[in-house]
Every structure is written in structure tokens, then in C-alpha cells.
Amino acid sequence: MTRRPFMIGSGLLFLTILCMAQSAPPSTRPNSITGTWRWDVPGSGGQAPTILKLVDDGRKVTGRIGGAGGEDLAIQEGVYKDGKLTFKTVRDANGQKMVTTFTASLHADA
């Protein structure tokens with residue numbers, strides 16, 4: 001099985017995203033994270049762009065994440081509370097279910 005450079009241990013990935021640029025207009029709800037977010041993840045072949053499309057309805061966060069390898073995965077169990085975003089993705093890896101948990105902190109530009 002090929003191991004992707006951004007996978008750590010049992011598939012748990014902690015991701016701190018500082019000063020992310022939002023390319024879509026924000027929701028009219030204050031502190032909403034709805035929109036399209038982009039950042040680069042370092043890998044063995046250089047920087048790999050990751051695109052996260054979020055919809056925050058105030059109770060749960062849904063959307064999709066795409067990046068290395070061209071995969072586009074649905075966000076599951078998404079929650080945004082107190083400036084912290086957490087969600088999971090599930091993919092099939094040669095017949096085995098692989099769950100990755102993402103945790104991000106959102107900070108204002110300095």
C-alpha cells in the first residue's frame with residue numbers, strides 16, 4: 001500500500017490553518033466559514049494544493065475536500081465552534097476503510 005506523505009500514524013491528521021484566504025463571499029451569518037478555502041500541503045513532490053468547500057448552517061458543516069491525487073471527498077461529522085473546525089473524511093484504500101480526522105484553527109489576519 002502506498003502511504004501518502006500527509007498521512008500520520010493511524011490516519012489522524014492535525015491541520016492548523018493560519019490566515020487562510022477565502023475566495024468565495026462569506027455567508028451573511030457572522031463568523032460563518034462558508035466558502036472555498038485553499039492552502040498548500042508540503043509533500044515529497046513539493047507543495048500540493050488542497051481545496052476545501054464548506055457550507056456552515058450554524059449546526060453542522062458539510063462540503064467537500066480535494067487535493068493530492070485528484071480525490072474529492074465528502075466532509076462528515078463537520079463542526080465549527082469557538083474558532084475550531086473538525087471534520088472527517090472516509091475513503092476506500094484497497095478494500096479497507098480509511099478515516100482521516102481534520103482539525104483546523106481559524107485566526108484573523110495579523
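The values are calculated or read from the model by the stated rules, or taken from the named source; none is laboratory data. These numbers were taken from a predicted model, which means no experiment stands behind them. Virtual Cβ from ideal backbone geometry, glycine too; neighbours counted across all protein chains shown.
Worth a mention:
Yes/no matrix, rows are residues, columns are (1) within 18 Å of Thr101 (Cβ to Cβ); (2) without any contact (Cβ under 8 Å) to a residue 40 or more places away in the chain:
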site: Gly43; (1), (2): no, yes
site: Thr50; (1), (2): yes, yes
site: Thr62; (1), (2): yes, yes
site: Gly70; (1), (2): no, yes
site: Ala74; (1), (2): yes, yes
site: Tyr80; (1), (2): yes, no
site: Lys84; (1), (2): yes, yes
site: Phe87; (1), (2): yes, yes
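- Some residue of the range 21-36 being assigned to a strand (DSSP E or B) and at pLDDT 90 or above: yes
- Entry remark, the range 88-110: residues being within 18 Å of Trp37 (Cβ to Cβ) and either surrounded by 13 or more Cβ atoms within 10 Å (Cβ to Cβ) or modelled with pLDDT of 85 or more (or both) number 9 in total.
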